[in-house]
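> Can you keep this structure in mind? I'll have questions shortly.
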Amino acid sequence: MNRLLVSVSAGALAALCSTTAMAQQAPPERAPERATVVDEVIVTAQRREQAAQDVGIALSVLSGESLIQQGVTNVNQLQNATPNLEVEPAFGGGAAQFRLRGVGFQDYASNNSPTVGVYVNEVAYPVPVMTQGLIFDIDRVEVLRGPQGTLYGRNTTGGAISFVTKRPTEELSAGLMTEWGSHEQFRAEGYVSGPVAGGLRGRLAVSTEQGGAWQTNRVTGESLGDADRTGARALLAWDPSETLSFLLDVHGGIDKSENQGLYLLSDLRTRGGTGPVIPADKDRSKTGWGLSPRFAAEIGRDVNAKPGRDNSSWGTSLNANLALKGMNLNSISSFETLKRDEYGDWDSSASVEADTFFGSDVDVMSQELRLSSDNDSALTWVAGFYYSRQELNERYSSDFIDIYGTYAQVTYDQKVESWSLFGQAEYAFTDQLKAILGLRYEEETRELEGFGSAFGGATALPPTTVDTKMTPLTGKAALEFKPADNLLLYGSISRGAKSGGFTTYNTGNRSGIEPFDPEILWAYEVGFKADPSRAVQVNGAAYYYDYNGQQVLSAVCGANGPVGRFTNADSKIYGAELEGVFRPAAGLRISQSVSYKKGEYTDFLDLDIGKCQQTPRVTAYIDKSGDEIPFPALSYAGSISYDWTVSGFAVTAETNYSYRDEYPSWLGPKYDVEAYWLANASVTVGPEAANWSVTFWARNLFDQEYDLTRNFFTSADIAQPGRPRTIGARLSLQY
């Protein structure tokens, strides 16, 4: 995942105002006569270039400049800039858990597919841990809400996040950014772009992020949380003829960052109550860690090592486009690989109650072919074929030596092979009325090979192989109506599917790895996109989801207590979103978004965690039919920016803010994440006639204390805190 922070010249300072979910692409130079006009955004959400306001889909667009302004260097940080998006980190580690409109999947393992698809330059990242690299050199990111599949290579129930990187330029250009912040945080990003030779155009971008640790060991005072990640991307564009073009993308990254620390919500009574008691942390910046010699040797770490990762990734894709008579043929061939080596301390202490390690090798190969119409007729269409093969080799180890007197080891291979046929057609009956129909057929096979587990070195489950297959038929039907040039009304019914899979946690019972079923989501949506004046843009949508077989993290009652396991439930979700952009005066831009959602289970039997934790352990179930689905109900975001000139200097002042409602936990009130506000601010100054600028910024301006997630593992009640206030400066140069 790569992005470049492009330097900001005086003529592009207006772009820095784009800091909301409806961020716009700024014009190439300052245009006073358009200072009160909401800029048009071009997107490729439907596999062709269109104005965002002409697309009958609930989507948000963030420009690369808006990502810069908000300090977004990781896909997880998008949740504070996009309506109804939440990205929850798992135990301070590298496994992201995406949720859009309440449709999500909570899993700290590596092997299952997400409900929200993440794409970079049209290439899917189907394994969530692959999405955690640096974001840089981004032109824009499009966030589509609702089931996707009739236009995309993969099938998702929640939506899609699509990153589009900047392309090679016809003329030579270059840029450099350096940024310094609190806690010795440092970032540097640069690019060079232009003609290479023989009709070739190239672009090379690099990025690095270092430092930033703000947590300390509660006993020793050692810091934890320093970033140490670097990424690079090279693009080559070649147009051998007017009808044929190629784009080669080669990229890679190294991440040796320390993990974010966890703090203790409750007193930790170590060694099952026979050891010292570690008091609950009153200061969110305090944490702890510690390795046993045996576990350190197994995972190849020093016994004094900090929780962290040693990951490397690289990939390549070739996008070829051939213009035929009235049609375009597009081919996207890709290969992505990730080597993950990550140690986490989930008991947040020197006691060895819950230390974990993931050693993962992931390879993903995909091939997509699309044929699409290229004319001005009433009928437009796209048809495609997609093939993907994933291979995952994983070693997952846990050390419980101080609480259970044992350690656990899980090893397995997983192979996923899928192919699909998809297509979508649009027919304009009149200039005002359009009908859309899309279909997708898919066959996917998942095989968990040689899943074996051991406790204390003794085999608990010998190598076992299980598999699952799905063949869903999904699709979409929609109507779009434009009663006026500045108003679009739309309604749609769509059906999405998410793969079944396997729970790959510590278990000695074959039933613990039996596959859970795919989930099917019927989505009903109505919405509007309106531009009542050149200075006002308002979009809204309301939806109802009928969720069949929702994949829910429950548990089974094991010999040592509850062990997570996925099951299927039925539910319903409904909600609404409203977004607006306003330019009431020259240089002033205001944007706002608000979203609300609610859901409840209609059929769900869940393990009674409390009874399973008793002595003796009791396996009992709770009927949660009618219970609310635990996710934040309300989210709100906005930004205000103003730009002006003073004595030949261009100045932009900006603030953006967001609110996240309470996140209730299925584990009980102790683990509820409280609601919180976040606010950021910045001031950018640069000579109007020069190619450099300086930005002074503050993030979490009011030093809000908040948590990203709360959970428990064995005896430890833990939480991952959000970052405190940080301040810094950024210098941007452009040639």
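The values are calculated or read from the model by the stated rules, or taken from the named source; none is laboratory data. No experiment lies behind these values; they were computed from the predicted model shown. No Cβ is skipped: glycine too gets one built from the backbone with ideal geometry, and neighbour counts run over all protein chains shown.
> Which one of the conditions (1) at pLDDT below 95; (2) of a type in the set (Val, Ile, Thr); (3) within 30 Å of Lys529 (Cβ to Cβ) does Ile403 fail to meet, given that it meets all the rest?
The failed condition is (3).
> For Asp661, work out the one condition from (1) free of Cβ contacts under 8 Å to residues at least 60 places away in the same chain; (2) in contact with a helix residue (DSSP H, G or I) (Cβ under 9 Å, 6 or more places away or on another chain); (3) charged (D, E, K, R) it doesn't fulfil.
Against the list (1) free of Cβ contacts under 8 Å to residues at least 60 places away in the same chain; (2) in contact with a helix residue (DSSP H, G or I) (Cβ under 9 Å, 6 or more places away or on another chain); (3) charged (D, E, K, R), Asp661 comes up short only on (2).
> What pairs can you find where one residue is in the range 264-283 and at positive phi, the other is assigned to a loop (DSSP other than H, G, I, E, B), and their Cβ atoms are less than 6 Å apart, with a gap of 6+ or different chains?
Arg271/Asp402; Gly272/Ile403
> Answer with yes or no whether Leu248 is crowded, with 16+ Cβ neighbours inside 10 Å, touching a Leu at 6+ places or on another chain (Cβ under 7 Å) and on the phi < 0 side of the Ramachandran plot. Don't jump to the end; show me each part of the working.
Working: crowded, with 16+ Cβ neighbours inside 10 Å: yes; touching a Leu at 6+ places or on another chain (Cβ under 7 Å): yes; on the phi < 0 side of the Ramachandran plot: yes.
Yes.
> Considering only residues that are out of contact with any Pro (no Cβ under 6 Å at 6 or more places or on another chain) and within 20 Å of Thr156 (Cβ to Cβ), which ones fall in the range 500-523? Lay out the reasoning, then the answer.
First, pick out the residues of the range 500-523 that are out of contact with any Pro (no Cβ under 6 Å at 6 or more places or on another chain): 501, 503-520, 522.
Gly501, Pro515, Phe516, Asp517, Pro518, Glu519, Ile520, Trp522 - these are the residues of the range 500-523 that are out of contact with any Pro (no Cβ under 6 Å at 6 or more places or on another chain) and within 20 Å of Thr156 (Cβ to Cβ).
> In the range 470-484, what residues are surrounded by fewer than 15 Cβ atoms within 10 Å (Cβ to Cβ), out of contact with any Leu (no Cβ under 9 Å at 6 or more places or on another chain) and in a strand (DSSP E or B)?
The answer is Ala484, and nothing else.
> Here's another thing I want to ask about it. Across the range 196-210, which residue is surrounded by the most Cβ atoms within 10 Å (Cβ to Cβ) among those that are at pLDDT below 95 and not aliphatic (A, V, I, L, M)?
My answer is Gly199.
> If you take the residues in the range 485-535 that are more than 16 Å from Tyr412 (Cβ to Cβ) and acidic (Asp, Glu), which one is surrounded by the most Cβ atoms within 10 Å (Cβ to Cβ)?
Residue satisfying both the conditions and the ranking: Glu519.
> Can we say Ile299 is under 29 Å from the mean Cα position of the chain (by Cα), of a type in the set (A, V, I, L, M) and either more than 30 Å from Lys415 (Cα to Cα) or modelled with pLDDT under 95 (or both)? Give the steps one after another, and end with the answer.
Numbers: under 29 Å from the mean Cα position of the chain (by Cα): yes; of a type in the set (A, V, I, L, M): yes; either more than 30 Å from Lys415 (Cα to Cα) or modelled with pLDDT under 95 (or both): yes.
Taking the combined requirement at face value, the residue satisfies it.
> From the list Thr178, Thr169, which residue is surrounded by fewer than 24 Cβ atoms within 10 Å (Cβ to Cβ), in a loop (DSSP other than H, G, I, E, B) and hydroxyl-bearing (Ser, Thr, Tyr)? So that I can check it myself, show each step before the final result.
Details: Thr178 fails: in a loop (DSSP other than H, G, I, E, B).
Just one listed residue meets the conditions, Thr169.
> Could you please let me know if Gly261 is small (Gly, Ala, Ser), buried (at least 20 other Cβ atoms within 10 Å of the Cβ), over 29 Å from Ser333 (Cα atoms) and in contact (Cβ under 8 Å) with a residue 12 or more places away in the chain? Give the derivation first.
On the way: small (Gly, Ala, Ser): yes; buried (at least 20 other Cβ atoms within 10 Å of the Cβ): yes; over 29 Å from Ser333 (Cα atoms): yes; in contact (Cβ under 8 Å) with a residue 12 or more places away in the chain: yes.
So Gly261 passes the test.
> Looking at Val116, Val141, which is the one that is of a type outside the set (Lys, Arg), farther than 30 Å from Val410 by Cβ and crowded, with 24+ Cβ neighbours inside 10 Å?
Working: Val116 fails: farther than 30 Å from Val410 by Cβ.
That would be Val141, the only listed residue that is of a type outside the set (Lys, Arg), farther than 30 Å from Val410 by Cβ and crowded, with 24+ Cβ neighbours inside 10 Å.
> Every residue in the range 53-78 that is in a helix (DSSP H, G or I) and either touching a residue at least 12 places away in the same chain (Cβ under 8 Å) or within 16 Å of Val120 (Cα to Cα) (or both), please. Full working, then the answer.
Filtering the range 53-78 for residues in a helix (DSSP H, G or I) gives 53-54, 64-69, 75-78.
Residues satisfying the conditions are Gln53, Asp54, Gly64, Glu65, Ser66, Leu67, Ile68, Gln69, Val75, Asn76, Leu78.
> Which residue, of Ala227, Ala213, Ala232, is of a type outside the set (S, T, N, Q), buried (at least 18 other Cβ atoms within 10 Å of the Cβ), over 25 Å from Leu262 (Cα atoms) and under 23 Å from the mean Cα position of the chain (by Cα)? Please lay out each step first, then the result.
Details: Ala227 fails: over 25 Å from Leu262 (Cα atoms); Ala213 fails: over 25 Å from Leu262 (Cα atoms).
Of the residues listed, the single one that is of a type outside the set (S, T, N, Q), buried (at least 18 other Cβ atoms within 10 Å of the Cβ), over 25 Å from Leu262 (Cα atoms) and under 23 Å from the mean Cα position of the chain (by Cα) is Ala232.
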